[in-house]
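Here is the structure we will look at.
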């Protein structure tokens, strides 16, 4: 009887325990629907220190010929990318998409179903493996999101016509657009939020690039909030600059463009690049006009270079081996840099065999110039000029990281510690070529001076007025050590503040190893 009484007394406890266990399992499953304990720790890189590298998934690798890239083949490239030094990838290819809608090739932007991985790229498990490998190598993963709509034949339109404009009869880019905010059903909004929250929490994605801009910043705010509730901070960036009220959801854009997607970069644009990129990067923007909290960024190349009417005999990559563009106009600015896969080693542009020259017409197959359709030849990294450019790009990224307390992205409403410096060219020619002004960035401990030589025909020697009172008056009476950090073997030179007014440096001609720029560290000498 006593034993029976003990069992009877224990019964409520057992029931309670089982109920708790059932709730725990149910709650765990619910969390599993919203969150994933990552196999690899997410990289902790702050937004200001991002270095973003865009990868068109299908054409970035070619295990079985053109357009055969997959999550698995890309995963094999990750050690190379980590060695390059980038810390974030913008993956422009993951979801189910049309094979020839844009430029007659498969593109992420001809999205059919955003909630499904394209089977030609791999399985969800292979995607997760790739993301985990990126994370183990300290690289964040951002997905491209097509914000405006889907292809006309999408099953989503048949299942949910009310989710779309005029019940699936109206759209842009030859597609069908989602309903505008005032007409969007709450069911669609919940689906949209849940889709991208799951990508972040279940699949480990670190953020999103929004094609055609945010469209619904209110929903992206909600997505960020839900992720944050699970302890996951995601980055969301826009195709363009912000509109007022966006920046609590969207914190940076693709940035100031170094090149043009419509025309090849020519020498005549030296001045344009200086005024458009360097001078604009130095400016502070009015926070009342939507710029508060929006981070500076600069884009060297992206997939949209080589747009329609681009000359069919030109290379749409912007840098094309020019160190002054890679360093002076991109990687060494106080902005988030973005570059396209292959640009780091001066990749020859090789169009995919079916790449058309026209957006919607299959014309000039294999002759198009849209950079998304570049068939990357990785064997080039072992060859001459390509190998040299790769080593110089790695060196520039390493310098940016080493001097991260000085060279990092700043919010637009803040004036960065950056100034251009007066200089003259020490050249015997009467009509010296136009050379962009050197600039300097600093903190209380040291400064980094960057000068450019866009000429690929000759070296130049310049004299820079780097008097410390021009940028950091605290150093006015100090003595200094000046070190060439671009050419690592050069020993530091001792200089006085007066001597810094006439700082001389030689800048090798561009498109050569350690050419195109000069990078000097200036710091007060310790007693």
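The values are calculated or read from the model by the stated rules, or taken from the named source; none is laboratory data. Note that the coordinates shown come from a computational prediction; the quantities given were computed from them, not determined experimentally. Reconstructed Cβ throughout: ideal geometry from the backbone, glycine too, with neighbour counts over all protein chains shown.
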Check your understanding: Only one of (1) surrounded by fewer than 19 Cβ atoms within 10 Å (Cβ to Cβ); (2) touching a residue at least 12 places away in the same chain (Cβ under 8 Å) is not met by residue 306, so which one is it?
Key -> (1)
Check your understanding: What is the residue count in the range 489-527 for residues that are out of contact with any helix residue (DSSP H, G or I) (no Cβ under 8 Å at 6 or more places or on another chain), in contact (Cβ under 8 Å) with a residue 60 or more places away in the chain, surrounded by fewer than 21 Cβ atoms within 10 Å (Cβ to Cβ) and under 24 Å from residue 436 (Cβ atoms)?
Key -> 2
**Study point:** Count of the range 473-488 residues which are out of contact with any helix residue (DSSP H, G or I) (no Cβ under 6 Å at 6 or more places or on another chain), more than 14 Å from residue 521 (Cα to Cα) and surrounded by 13 or more Cβ atoms within 10 Å (Cβ to Cβ)
**Key:** 1
Review point. Would you pick out the residues in the range 456-479 that are farther than 25 Å from residue 324 by Cβ and either modelled with pLDDT of 95 or more or part of a helix (DSSP H, G or I) (or both)?
Key: 468, 469, 473, 474, 475
Point to revise | Residues of the range 480-497 satisfying the condition of being touching a strand residue (DSSP E or B) at 6+ places or on another chain (Cβ under 7 Å) and assigned to a loop (DSSP other than H, G, I, E, B) | key: 485, 486, 490, 492
Revision key, fill the gap. Conditions (1) assigned to a loop (DSSP other than H, G, I, E, B); (2) under 17 Å from the mean Cα position of the chain (by Cα); (3) farther than 23 Å from residue 415 by Cβ -> residue 264 fails only (2)
Check your understanding: Looking only at the range 175-184, which residues are outside any helix (DSSP H, G or I) and either modelled with pLDDT under 95 or within 18 Å of residue 220 (Cβ to Cβ) (or both)?
Key -> 177, 178, 179, 180, 184
Exercise for review: Sort out for me the strands (runs of 3 or more DSSP E) sitting completely within the range 80-166 that have 2 or more residues that are free of Cβ contacts under 8 Å to residues at least 60 places away in the same chain.
Suggested key: 88-91, 95-97, 111-117
Practice item. Return a yes/no flag: does the range 455-465 have any residue that is crowded, with 21+ Cβ neighbours inside 10 Å and in contact with a helix residue (DSSP H, G or I) (Cβ under 7 Å, 6 or more places away or on another chain). Key: no
Check your understanding: When residue 450 is evaluated against the numbered criteria (1) crowded, with 19+ Cβ neighbours inside 10 Å; (2) in a loop (DSSP other than H, G, I, E, B), which criterion, by number, is the only one it fails?
Key -> (2)
